[in-house]
Amino acid sequence: MKAKFISIAEAIGQGRGEVAVRGWVYRERGSNKMKFVVLRDASDIIQIVFSREKFEKQWDEIDKLQVEASLQVTGEIYADKRAPTGFEIKAREIEIVGRSEKFPINKSLNEELLGDRRHLWIRSRKMTSILKIRDSVLEAIREHWRRKGFYEYHSPTLIGMQAEGGATVFKVNYFGKPLFLAQTWQLHAEPGIFGLEKIFTIQPSFRAEKSKTSRHLTEYWHAEMEVAWEDFDYLQDDAEQIVKHVISVVLKKNIKELEILERDVKKLEICVRKKFPRISYDEVLKILKEKKKIHIPWGKDLRTIEEDKLSELYDTPVIVTKYPKAVKAFYMKESPEDAKVVLGFDMIAPEGYGEIVGASQREEDIEKLKENLKAQGEDPKKYEFYFDTRRYGSVPHGGYGMGVERLIAWICGLDTIKDAIAFPRTMTRWKP
Ligand code: 4AD
């Protein structure tokens, strides 16, 4: 078939006259005389009508068309209120490009079976909508930092030390030597700011999380920034700005997808308008005690359940600052006002989506860094290259990391983080 193909969305935009489209059978039904096929492509869906009269020679093949067969069709498009997207194509010519066997995806499949057939499930309208939003989210993240003059910079995935606690590192046999998959870019990003000053990355991080929650992946995409000369307030401002920017881009570009996902967009709009509350850990303990009757002894980290209870009290993300030093990573800067807490913050998403950003000002004092590492049972010798960043022209600096799939799960209102990525990796899911 020789024709100039346009996308289904473009055909709907054209609204009348001759069109040529191609795509996959999304639904089909028929009678002795007519066949109705809803065709989908990356842009939209449209109903196509084949009448037996016109296709007597090909009728057998058309009649047998199954879901997911790929087709090229030309015909006449016109408005029809009864059709799923308000338009229909009366087919004039068809070429069946790839027949389909009975498609092994249906509504009765449970999460496990859908996981096994993930390579086919990602064609669904739900997954396609999420993946389009994911594309917008990644573009918006890049746009935010580029506009502020940040350079995109990359760190190695295979590294020799932990940064976020030894319990969640994946060990790799590297020609007989033990290496780890990076949990964060951070230790190799801090050296980068001495040349570039403002840097960011979007790359996978790895955590051997033994938890089977709806918010943990073992391989996740991590949007991280590191910046020289700036202070703790700058980090909070930037994290709030980036989240607001990402949401406003998605609200502009992906209303159709949010509708398909049945997301309540009002909940997102509020987050663009309102300032995110900034509360210290001490205040959080008080608030949880008063409003939720939860008593947390000072010094304990906030658990998922406590973050969720806190998030119930707000309709925007909340920034929780100044955690106890003992529960946070070794590189976080001790507060000059109170040596028991660090200049670090977590941003907790609303609606129970958990921590989306983890941040801190960085400790510049090598002795303190060594003490913190020893307290975690680490050998500071492995970190000598990192201490060099403090030996040669150390400057105040800091940064944060944002879990891209957590952000997407929240924006899309997903039940599980696994649907925020095409092929999720968790403790129990590593194929296909
Ligand atoms: O709070 P985290 O551990 O911070 C860091 O890794 C810092 N080194 C970042 C930095 O300062 N450059 O992780 C940052 C974010 C979390 O807030 C969370 O959103 C996400 O990464 N995250 C996960 N997302 C999915 N699955 C997991 N297992 C995650 N662990 C952390």
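Some values worked out for this structure:
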{"quantity": "Some residue of segment 287-297 being touching a residue at least 60 places away in the same chain (Cβ under 8 Å) and surrounded by fewer than 14 Cβ atoms within 10 Å (Cβ to Cβ)", "calculated": "no"}
{"quantity": "Considering residues of segment 228-259 that are among the small types (Gly, Ala, Ser) and surrounded by 18 or more Cβ atoms within 10 Å (Cβ to Cβ) only, the residue farthest from Phe150 (Cα to Cα)", "calculated": "Ala239"}
{"quantity": "Residue within segment 130-140 that is modelled with pLDDT of 95 or more, out of contact with any His (no Cβ under 7 Å at 6 or more places or on another chain) and of a type in the set (Asp, Glu) present", "calculated": "yes"}
{"quantity": "Residue satisfying all of: in segment 331-347; touching a residue at least 60 places away in the same chain (Cβ under 8 Å) and part of a loop (DSSP other than H, G, I, E, B); nearest to the ligand (Cβ to nearest atom) among these", "calculated": "Tyr331"}
{"quantity": "Filtered residues of segment 348-368 (kept if without any contact (Cβ under 8 Å) to a residue 40 or more places away in the chain and in contact with a strand residue (DSSP E or B) (Cβ under 9 Å, 6 or more places away or on another chain))", "calculated": "Glu363, Glu364, Asp365, Lys368"}
{"quantity": "Pick from segment 218-227, criterion among the aliphatic types (A, V, I, L, M) and farther than 30 Å from Ser43 by Cβ, ranking: surrounded by the fewest Cβ atoms within 10 Å (Cβ to Cβ)", "calculated": "Val227"}
{"quantity": "Any hit, segment 373-380, residues being more than 29 Å from the chain's Cα centre (by Cα), under 26 Å from Lys198 (Cβ atoms) and surrounded by 13 or more Cβ atoms within 10 Å (Cβ to Cβ)", "calculated": "no"}
{"quantity": "Number of the exception - Met332 against (1) out of contact with any Ser or Thr (no Cβ under 6 Å at 6 or more places or on another chain); (2) within 24 Å of Arg406 (Cα to Cα)", "calculated": "(1)"}
{"quantity": "Those residues of segment 78-122 which are among the acidic types (Asp, Glu), in a loop (DSSP other than H, G, I, E, B) and touching an Asp or Glu at 6+ places or on another chain (Cβ under 8 Å), in sequence order", "calculated": "Asp80"}
{"quantity": "Test set (1) buried (at least 17 other Cβ atoms within 10 Å of the Cβ); (2) more than 20 Å from Arg29 (Cα to Cα) - Ile77 fails condition number", "calculated": "(2)"}
{"quantity": "Boolean, Arg278 is charged (D, E, K, R), more than 17 Å from Ile130 (Cα to Cα) and modelled with pLDDT under 95", "calculated": "no"}
{"quantity": "Hits in segment 282-303 - residues which are in a helix (DSSP H, G or I) and touching a strand residue (DSSP E or B) at 6+ places or on another chain (Cβ under 6 Å)", "calculated": "Val284"}
{"quantity": "Of residues in segment 97-111 being charged (D, E, K, R) and surrounded by 10 or more Cβ atoms within 10 Å (Cβ to Cβ), the one farthest from Lys418 (Cα to Cα)", "calculated": "Arg99"}
{"quantity": "Given (1) touching a residue at least 24 places away in the same chain (Cβ under 8 Å); (2) part of a helix (DSSP H, G or I); (3) more than 30 Å from Trp430 (Cα to Cα), number of the condition Ile279 does not satisfy", "calculated": "(2)"}
{"quantity": "Subset of segment 1-22 (residues that are outside any loop (DSSP other than H, G, I, E, B) and on the phi > 0 side of the Ramachandran plot)", "calculated": "Gly17"}
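The values are calculated or read from the model by the stated rules, or taken from the named source; none is laboratory data. Values in this document were obtained by computation on a predicted structure and should not be read as measured data. Here the Cβ is made from the backbone with ideal geometry for all residues, glycine too, and neighbour counts use every protein chain on show.
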